[in-house]
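These notes are about the structure you will find just below.
Read the figures in this text as sums done on the coordinates, not as results from a lab. Owing to the predicted nature of the structure, the values given are computational and were not obtained by experimental measurement. Neighbour counts run over all protein chains shown; Cβ positions are idealised from the backbone, glycine included.
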Amino acid sequence: MTDLSCLSTEYCKRFYVSVLPSSLNLNNFPSERYMVAFLNKESDSLETYVECFNESNFTLNIKDIGTIKRNHLKLNISQSEFEVMYAVSKPKVIHYTQYTLNDSKNNPISLIKYDNLYEEIMVVEYKNNIISVQGYTPDPWFKNDVTSDYRYSPIFLSINKKIIGEKIIK
């Protein structure tokens, strides 16, 4: 029987960031390093991926393909299980660093810097309950709300690698 205590619902908004404020030094914030490999096709209704963070934690993740609300199942796996699934998923892999900081209203946010793409792409995520997420007002340095823009989803970036304006470059 599967332990469903690892099943959760997340509410999240995502914002594209083109330039960080000059006063923001990311070295002053806690961070985690991630390697993610997608096992599903881009057209599937579930996002299935393995994840390694900080080189010592390995998980298998299954999420709804959704925008603000997503159900998320996260299971711990071994390093060898991760390595096998990572190898078979290539080239659908993405690497990033996630920084934990607060916005100007002291709300906790995550700044994600994707770095194995042709260009650096940064996204801010705000996660909370549904009412807080729906009413969230972003800081001015958050360029665009990309919550519903599939081009900024990790699986899309892992496959397409680059966004230029309205064009996707493979």
Taking only the alpha-carbon atoms of the stretch 1-122, the convex hull volume per residue, in cubic angstrom, is 141 Å³
Rounded to the nearest Å, what's the spacing between the alpha carbon centres of the stretch 8-32 and the stretch 49-63? Just the number, please. 20 Å
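For the chain, what's the relative contact order in percent, using C-alpha pairs closer than 8 Å and at least 6 residues apart?
Details: 338 pairs, mean separation 47.5, N = 170.
Reported relative contact order: 28 percent.
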Starting from the Cα of K105, step 7 Å along the direction of its Cβ; do the same at S56; then give the gap between the two resulting points in nm. 3.6 nm
Pull up all non-local amide H partners of N144: gap of 5 or more, or a different chain, and H-to-H distance under 5 Å with H placed in the peptide plane. Y16
Label-point gap, in nm, between S22 and E10 - each point 7 angstrom along Cα→Cβ: 3.4 nm
Helix 79-89 versus the longest principal axis of the chain: what is the Cα-based angle in degrees, 0 to 90, to the nearest 10? 80 degrees
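Multiply the residue separation of T67 and E120 by 0.36 nm, subtract the distance between their alpha-carbon atoms, and state the gained length in nm to one decimal. Before the final figure, lay out the partial values.
Numbers: separation 53, 0.36 × 53 = 19.08 nm, distance 2.27 nm.
Answer, rounded to one decimal: 16.8 nm.
For the stretch 1-81, with only Lys/Arg (+1) and Asp/Glu (-1) charged at the beta-carbon, what is the dipole magnitude about the Cα centre, in debye rounded to 20?
Details: 8 positive and 10 negative charges, 68 e Å.
That gives a dipole near 320 debye.
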